[in-house]
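Just so it is clear, none of the values below were taken in a lab; they were calculated from the coordinates. Since we're looking at a predicted model, the values are computed, not measured. Glycine gets a Cβ as well: all are built from the backbone with ideal geometry, and neighbour counts include every protein chain shown.
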Amino acid sequence: MMTRGDSSWFDEAAGPLVRPYAVTGGRTRSGRTEFDMISLVVAARTETDRRTLDPEHLTILSLCRQPISVAELAAQLDLPMGVVKVLLGDLLDRGDILARAPAPVARLPELNVLQAVLDGISRL
Amino acid sequence: MASADSETTADTPRSADELPLAVKLLIAGGFGAGKTTLVGSVSEITPLNTEEVMTEASLGVDDVAGVEAKTTTTVALDFGRITINDGVVLYLFGTPGQERFWFMWDELCHGALGAVVLADTRRLESCFPSVDFFEGRGIPFVVAVNQFDGAHHYTTDEVRGALDVGDDLPVVLCDARERESGKEVLRSLVLHVMSRMGAPAAATG
Ligand SMILES: Nc1nc2c(ncn2[C@@H]2O[C@H](COP(=O)(O)OP(=O)(O)OP(=O)(O)O)[C@@H](O)[C@H]2O)c(=O)[nH]1
Ligand SMILES: [Mg+2]
């Protein structure tokens, strides 16, 4: 599923604009998970078969030993966020990472979170 | 699920609930208004830059194979981070305020606590689209007036008049280069969000 030996999907006419998606074999969405740009992910310390992962997956695993956001991973990997989300979806499906989505928009963080944010800013 | 292995340490999260909660604030405003400067003055990391390649994928197409190049756009975002405590991390996203980028504002706004609209004293009108956007979406925001050297210095009432907004909208004067000033802007935003949710803030110092 993660092999990309057949690269015929790559359309010359599409040119450099979609080139970043070569990393994902052209896939632009991960299977079942929608990652937010501030979803936090962390490596789950379970054994994993590294041979079935691409170099980008392994780089992500090494970057998320501590919790890190999708946006930070994208910045450090110098890949568009959409690409990183697809790769993270692969890792999540395998159980290689844990992910926490931000609070749903309809249910903004409870007030104690806002108070904590206010206090945290004041302490800077 | 998997049996414990030797690498597991006490602080390794075992479930996603143990990860911190991420929240975000948006820093919007016209071209060159000082968005990146403000993010940088309060962030604990040097502002990072990432880009989102928008393809038809964002409209629900599953594969870019054969997607026409003209349907693809790149948007650069810069952002910073403030670790609030063990359980909460705050991200600040500087967002391009030009109308041609609005296709990605839905994702940017998703889960955002609120927004700072940076007004540039040299061209106040460049923040109007951002003000309209947040007003229309009901997203709480404050206006921070970045006082550029040599530009006309407005009073907060003059800015309110120009933006046609009421007394209930916080307008603060700032210098985006100064951390204390940036903190004050963020504090006024969080207080505004809290008051919109009907909660008094406890004094912080
Ligand atoms: N005098 C003064 N200069 C400022 C202030 N804030 C930003 N600048 C300068 O204005 C210029 C533009 O600031 P940026 O932070 O890059 O603005 P931006 O909104 O991120 O710009 P774009 O991302 O290109 O839209 C930089 O040279 C800053 O040093 C301020 O409060 N006072
Ligand atoms: Mg900028």
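Based on Cα atoms of segment A:37-82, Rg over Rh with Rh as the Kirkwood radius reads 0.97. Sorting the segments B:82-88, B:16-22, B:170-176 by their residues' average number of neighbouring beta-carbon atoms within 10 angstrom, most packed first, yields B:170-176, B:16-22, B:82-88. Take the Cβ atoms of A:LEU58 and B:ASP106, set R0 to 45 Å, and the FRET efficiency comes out at 0.90.
Evaluated over the Cα positions of segment B:143-199, the convex hull gives a direction-averaged projected area, one quarter of its surface, of 4.2 nm².
Basic side chains Lys and Arg get +1 at the Cβ, acidic Asp and Glu get -1 at the Cβ, and with that the dipole of segment B:128-182 about its Cα centre reaches some 200 debye.
Given R₀ = 35 Å, FRET efficiency for B:ASP167-B:ALA76 by Cβ-Cβ distance, to 0.05?
That pair, B:ASP167 with B:ALA76, gives E of 0.45.
Would you calculate the separation in nanometres between label points at B:ASP157 and B:ARG14, each defined as 7 Å from the Cα along the Cα-to-beta-carbon direction? Each label point is offset 7 Å from its Cα along the Cβ direction, giving 6.2 nm.
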